[in-house]
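I have placed the structure first, in the form of structure tokens, so that the comments after it can refer back to it.
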Amino acid sequence: CMTAKDLKNALLQEAVQGKLVPQIASEGNARDLLEEIRKEKLSHGLDFANAKSGKRKSKKETALAGSNPCDITEEEIPFEIPENWCWCRLGDVIDVRDGTHDTPAYIKSGYPLITSKDFRGDHFDFSKTKYISKQDYDLINQRSKVEVGDILFSMIGGNIGNKIIITTENYFEMAIKNVALFKNNNNVYNVYLFYVLEYYTKAFQNYAVGGAQTFVSLNFIRNYPFPLPPLAEQKRIVAAIEKFMPLIEEYGKKETQLKAINEKIGTLTKKAILQEAVQGKLVPQIAAEGNAKDLQEEIRKERLSHGLDFANAKSGKKKSKKETALAGSNPCDITEEEIPFEIPENWCWCRLGEICNEIKRGKSPKYADKSNYLAFAQKCNVKIGGIDLGLALYLDEKSITRYSETDNLVQGDIVINSTGGGTMGRVGLYETKVPAGIKGVYPDSHVTVIRSIGNINQHYLYYVLKLNQPVLEKCGTGSTNQTELKPAVLADFVIPLPPLVEQKRIVDAIEKLLPLCEKLGEK
């Protein structure tokens, strides 16, 4: 299915290739138009070959001007055009200038200095515009005065290709910098030029050079091949484009609305899948897979053998011998009010701390410019999902002695952001390839690591917590400015527990269905 952007590009492609409207012999030939432009330029001492630089020709050079003033090679021609059209360079038919190269003194009010950052679609955004004096304005306008009918074209940065036709509605006395100025003339219809530039935008962006701040040079723009139709046909092409453009814009609005609906459906479907999963409705229960209560008892005995009990799971404190001996038949101690929904008979409720080896906050890191260790921060647990170690900072190797061997993140760990407005409670699954040369990745003090025991499927636990992320985001304690999600609160969180084999079947079912949600727009 074509997008609105695809349709617009297809329309412009038909237009610039001469396929949108029929050619009419009585409208003449673009070569005659080009010859008129050439003679006019030569009468002013300018030629086609030097159009890109604006240099004047000597009298001898003017006399020797050949029959192919555009000098465009076959390799430069991107597509075929009708016989009554011709190829030329933008600088051959349009006076293309740029603004000041200097940085004039800025003042509080005066004449706006329009730069690439001031372009917003078909209008100017003055929120960051700077102003200059009349003296600087007059100096700049000696080379690049902006008038009604001209086109301004952004040459630099992320706005390359943004353009605005100057009309009476948006005209004001302005100076320009890092902006190309296409001067309006009687030989090229400025709206046709605007649509050709629109079609060329991607090519200009691809050719942009530079480091952090890319740009398109004025010389490149002037020298770029331009498909020139007869003037009357230029106007017919524009009329045809503007007949279809409102339909494409309306299509784009519907497309945006549909995308929003699909994203919402994808999100709701994902939530519904996870909700069905944790309620035991996604896959059938199989009696031969046993009962989660037996699994829970195994876990309890293993924990008690290490001197840990269920009631103190959230703090990880050891029980006294007397407390251990008095452990009751309801080690989870979950009240009816805490149970949010019904689960199958062969499942049971437990607390997160009862089924984990660790629920542990990281340490405050000491950073270094370069090392073999990384500090895992909140931003590494990215909003759109997944883990990005490219956002981690290096950890000072001298501080590694502060960490125990188990502090190092291992594949399958669940990471939860413990602090921060807008990030607290975010759940991630650490299944990330560690960069070459990195010996360890350690969570900082704003991240809590959950590491389950062997009888729990870590992916199942991740999906349970991911479903409950909106709940965890609201479980912070402390002052308004410094709320935190403490390990004790996480350890006390109530979890629906299926038998181990069913956990795996649930995970398999989820991971077959979630890609369908992503196709609907969930990212």
Please calculate how many Å² of accessible area the chain carries per residue, with a 1.4 Å probe and no DNA, RNA or ligand atoms counted. 53
Whole Å is fine, so just give me how far the alpha carbon centre of the range 373-395 lies from that of the range 463-516. 20
In the structure displayed, which of 202/519; 117/202; 5/259 lie more than 23 Å apart, Cα to Cα? 202/519
I'd like the Karplus ³J(HN,Hα) series for the range 20-25: coefficients 6.51, -1.76, 1.60, θ = phi - 60°, whole numbers in Hz, and an x wherever there's a Gly or Pro. 7, 10, x, 7, 10, 4
What size of dipole, in debye to the nearest 20, comes out for the range 188-294 about its Cα centre when the only charges are +1 on Lys and Arg C-beta atoms and -1 on Asp and Glu C-beta atoms? 140
Of the candidate values (i) 46, 25, 21; (ii) 68, 28, 20; (iii) 39, 36, 19, the one computed for semi-axes √(5λ) of the Cα gyration tensor in Å from this structure is (ii)
Residue by residue through the range 155-167, the couplings from Karplus 6.51 cos²θ - 1.76 cosθ + 1.60 with θ = phi - 60°, in Hz, x for Gly and Pro, are 10, 9, x, x, 9, 3, x, 5, 8, 9, 7, 7, 10
Protection proxy (average C-beta count within 10 Å per residue), highest first, orders 416-425, 258-267, 136-145 as 416-425, 136-145, 258-267
When the accessible area of the chain is computed with all protein chains present and a 1.4 Å probe, what percentage of it is carbon and sulfur? 52
Test of the criteria: in the range 339-396, which chymotrypsin sites (Phe, Trp or Tyr not before Pro) are in a DSSP loop and have at most 16 other Cβ atoms within 10 angstrom of their Cβ? 341
Could you point to the residue in 257, 274, 207 farthest towards the positive end of the range 163-300's charge dipole, with +1 and -1 charges on the Cβ of Lys/Arg and Asp/Glu respectively? 207
Might you report the magnitude of the Cβ-based charge dipole of the chain about its Cα centre, with Lys and Arg at +1 and Asp and Glu at -1, to the nearest 20 debye? 1380
Quick check: residue separation of residue 107 and residue 389 times 0.36 nm, minus the Cα distance between them. What number comes out in nm? 97.1 nm
Backbone HN-Hα couplings from phi across the range 376-391 [Karplus 6.51/-1.76/1.60, Hz, Gly and Pro as x]: 7, 10, 4, 5, 5, 8, 6, 4, 6, x, x, 10, 10, 6, x, 8
Note: the range 69-210, point scatterers on Cα, Debye, no solvent; log10 I/I(0) at q = 0.10 Å⁻¹ equals -0.37
List every residue whose amide H lies under 5 Å from the amide H of residue 351, counting only residues 5 or more places away in sequence or on a different chain, with H placed 1.01 Å from N in the peptide plane. 495
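The values are calculated or read from the model by the stated rules, or taken from the named source; none is laboratory data. Keep in mind that what you see is a predicted model, and the values were worked out from it rather than measured. Backbone-built Cβ (ideal geometry, glycine too); neighbour counts: all protein chains shown. Accessible surface areas use protein heavy atoms only, side chains included; no ligands, DNA or RNA. Shrake-Rupley method; radii C 1.70, N 1.55, O 1.52, S 1.80 Å.
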